[in-house]
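Asker: Below is a structure I'd like to ask you about.
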Amino acid sequence: MQISAMTPEQKSSFQEKGYLLLRGALIKKQVRPIKEHILAELSRLKIWSSGKSLSASIKQMPAFQQIAKLSGLVKQHDLQSKVITPDTLALINALAEGKLAPAQSQLLISLPHQGDWTLNGLNWHTDISSHQQRIPGIQAFILIDDVNPHGGATLALAGTHLLSDRGESRRNIREVLRNGSELESELSRSNLSIVEMSGQAGDMYLMDMRLLHTPSINSSKNIRMMATVRYLLA
Ligand SMILES: O=C(O)CCC(=O)C(=O)O
């Protein structure tokens, strides 16, 4: 898909919710080589091949430790330029109303069957703290393969970019997320909602980096393959 200029609706939705979904931001031809590279690397590293796990130690790791381990092991050369086109970068700068520079890119991989999907015990966090009104950075999440609901996509809590870093309400939300009880009703009372970044290969989510987000459990039978690039205010 050609990313055309941002519509006013996209801009106001991003400002209100803190994220924007660009369906089909990349065509299959752009993401397929990255998927093939990931599968070849998992096989070369004797982690996963032909639908089977080859490494008991990685398969048995706690889910989020496994993601960190695989991100460290499976690298893609020049990932940022493979997934972010000049049009997307222009859109990112327009959303941030400033010039952002790429800071870090990595693959986000989780093996299938990590256990039952849950909202309990997740690792909600922000990657940078910011006390400012302005957007400190935008993180792009790109689906390298289809990711079904409960298939291990990153979760974000839409609306949390508007909660002050030092304020009571952010602390309260973190407490609600930790306890897990009455989560849905607490969130809707606070006008917050959980976004699961699932979708089709080539879809992209752009996220204000003030949003709370977390890895999630991959309960599906497919490997979760995503990529992420962080852009920070220059
Ligand atoms: O989906 C994931 O593995 C988590 C991503 C994340 O938390 C991050 O990139 O900051």
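Asker: Hey, what did the range 9-233 get for relative contact order, percent, Cα under 8 Å, at least 6 apart?
Answerer: Working: 421 pairs, mean separation 81.0, N = 225.
Reported as a whole number, the value is 36 percent.
Asker: Taking Cα atoms of the range 1-104, Rg/Rh with Kirkwood Rh, to two decimals? Don't skip to the answer; put the middle values down first.
Answerer: Numbers: Rg = 17.7 Å, Rh = 16.5 Å.
Computed over Cα atoms, the ratio is 1.07.
Asker: May I pose another question? Where does the chain land on the Kirkwood hydrodynamic radius, alpha-carbon pairs, in angstrom? Please list the in-between numbers first.
Answerer: Values: mean 1/r = 0.0549 Å⁻¹.
With all distinct Cα pairs of the chain included, I get 18.2 Å.
Asker: Give the carbon-plus-sulfur fraction of the accessible surface of the range 9-233 in %, rounded to a whole number; probe 1.4 Å, heavy atoms of protein chains only. Don't skip to the end; give the middle numbers.
Answerer: Numbers: 5230 of 10670 Å².
The nonpolar share, carbon plus sulfur, comes to 49 percent.
Asker: Relative contact order for the range 127-234: what percent, with Cα pairs under 8 Å and sequence separation of 6 or more? Please report the intermediate quantities before stating the final value.
Answerer: On the way: 193 pairs, mean separation 59.8, N = 108.
Reported relative contact order: 55 percent.
Asker: What full-extension length gain, to one decimal in nm, is calculated for A5 and H125 as 0.36 nm per residue of separation minus the Cα-Cα distance? Present the calculation step by step, with values, prior to reporting the outcome.
Answerer: Working: separation 120, 0.36 × 120 = 43.20 nm, distance 3.09 nm.
Working it through step by step, the gained length comes to 40.1 nm.
Asker: Cut-off under 30 Å on the C-alpha distance; same-chain residues fewer than 8 positions from K11 excluded. Which lysines are left, in chain and number order?
Answerer: Once the sequence-local lysines are set aside, what remains near K11 is K28, K29, K82, K99.
Asker: Please give the per residue accessible area of the range 96-234, computed with a probe of 1.4 Å over protein heavy atoms only, in Å². Write down the numbers at each step before the final one.
Answerer: Values: 5930 Å² over 139 residues.
Roughly 43 Å² per residue, with all protein chains present.
Asker: In nm, give the distance between the simple-model label positions of Q200 and R134, each being 7 Å from the Cα along the Cα-to-Cβ direction.
Answerer: Each label point is offset 7 Å from its Cα along the Cβ direction, giving 3.7 nm.
Asker: Also: Probe 1.4 Å, all protein chains in place: accessible area of E182 in Å², nearest 10?
Answerer: Rounded to the nearest 10, that gives 130 Å².
Asker: I'd like the distance separating the alpha-carbon centroids of the range 37-116 and the range 157-234, in whole Å.
Answerer: Going from one Cα centre to the other spans 18 Å.
Asker: Another question, then. How big, on average over all directions, is the shadow cast by the Cα convex hull of the range 78-157, in nm²?
Answerer: On the way: hull surface 28.0 nm².
One quarter of the hull surface, i.e. the mean projection, equals 7.0 nm².
Asker: Could you give the length gained by full extension between Q60 and Q15, i.e. 0.36 nm per residue of separation minus their alpha carbon distance, to one decimal place?
Answerer: Working: separation 45, 0.36 × 45 = 16.20 nm, distance 4.01 nm.
Full extension of this stretch gives 12.2 nm more.
The values are calculated or read from the model by the stated rules, or taken from the named source; none is laboratory data. What you are looking at is a predicted structure, and each value in this text was computed from that prediction instead of being measured. Neighbour counts are summed over all protein chains in view; Cβ atoms, including those assigned to glycine, are modelled from backbone coordinates with ideal geometry. When the accessible area is computed, the model is the full protein with side chains, heavy atoms only, and any ligands, DNA or RNA have been set aside. Shrake-Rupley method; radii C 1.70, N 1.55, O 1.52, S 1.80 Å.
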